[in-house]
Amino acid sequence: MKKAIIKITDRHFQDGEEYEAELTTSGEFEITENGCRVVYTETDEELDNCVTTLDVEGSQKISMTRAGKYNTEMIIEKDRRHSCFYQTPYGELIMGIFAKKIVNEMTENGGILNFSYTIDFNNTPASENELTVSILPKEEV
């Protein structure tokens, strides 16, 4: 695994409103046989230093797991809906995730992951989300 600076831009649209948040943190990444893996520690107070891992398979599938005080497992797969377990400071949820787009531009020198997906609860749309994850190896910083 290579050490990296990871910048995450999270945009979501809910009830006609657009929200955006950014996080810059340190982490690690590697190119794998099927794509890449990105690992970082959440710095948000509510997530209490949970470790998030993105396992990316080409431009088709991302498995996002969060381990720590709040455990989460999300499968984001292009053109497929998955029911996923999501734990928050406020309780546990089962939600539907449907990926509309996954762009994987990762190389040994870092790169960008961009993916958009919808979230639903009991088949009722809740939000549209877009994440952009930029990875820059620390050697280049």
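Residue pairs whose Cβ atoms lie under 8 Å apart, sitting 6 or more positions apart in sequence or on different chains, and linking a residue in the stretch 51-64 that is in contact (Cβ under 8 Å) with a residue 60 or more places away in the chain and assigned to a strand (DSSP E or B) to a partner that is of a type in the set (Val, Ile, Thr) and surrounded by fewer than 20 Cβ atoms within 10 Å (Cβ to Cβ), are LEU54/VAL39.
Which residue out of ASP10, ASP55 is at pLDDT 95 or above and surrounded by 13 or more Cβ atoms within 10 Å (Cβ to Cβ)?
Values: ASP10 fails: at pLDDT 95 or above.
Within the list ASP10, ASP55, the selection yields ASP55.
Scanning the stretch 28-63 for residues that are in contact with a Ser or Thr (Cβ under 8 Å, 6 or more places away or on another chain) and on the phi > 0 side of the Ramachandran plot yields one hit, ASN49.
Taking the numbered list (1) within 22 Å of ASN122 (Cβ to Cβ); (2) without any contact (Cβ under 8 Å) to a residue 24 or more places away in the chain in turn, HIS12 passes all entries but (2). Just one of (1) of a type in the set (Phe, Trp, Tyr); (2) out of contact with any strand residue (DSSP E or B) (no Cβ under 8 Å at 6 or more places or on another chain); (3) crowded, with 17+ Cβ neighbours inside 10 Å fails for TYR40. It is (2). Per the listing THR41, THR24, the residue uniquely of a type in the set (Val, Ile, Thr) and at pLDDT below 90 is THR41.
With the structure loaded, tell me whether THR52 is out of contact with any helix residue (DSSP H, G or I) (no Cβ under 7 Å at 6 or more places or on another chain) and more than 18 Å from ASN129 (Cβ to Cβ) or whether it fails that test.
Working: out of contact with any helix residue (DSSP H, G or I) (no Cβ under 7 Å at 6 or more places or on another chain): yes; more than 18 Å from ASN129 (Cβ to Cβ): no.
No.
Can you tell me how many residues in the stretch 85-125 are at pLDDT below 90 and either aromatic (Phe, Trp, Tyr) or buried (at least 16 other Cβ atoms within 10 Å of the Cβ) (or both)? Adding up the residues that qualify gives 5. Taking the criterion of being loosely packed, with under 15 Cβ neighbours inside 10 Å, hydroxyl-bearing (Ser, Thr, Tyr) and farther than 20 Å from SER59 by Cα, the residues of the stretch 13-37 that qualify are TYR19, THR24, SER26. The set of residues in the stretch 98-141 being touching a residue at least 12 places away in the same chain (Cβ under 8 Å), more than 20 Å from GLU22 (Cα to Cα), over 15 Å from the mean Cα position of the chain (by Cα) and assigned to a strand (DSSP E or B) consists of THR107, ASP120, PHE121, ALA126. Counting the residues of the stretch 1-46 that are of a type in the set (Gly, Ala, Ser) and either over 19 Å from ALA67 (Cα atoms) or in a loop (DSSP other than H, G, I, E, B) (or both) gives 4.
The values are calculated or read from the model by the stated rules, or taken from the named source; none is laboratory data. Predicted model only: the values in this text are computed from it and were never measured. Ideal geometry is used to build each Cβ from the backbone, glycine not excepted, and the neighbour counts take in all protein chains shown.
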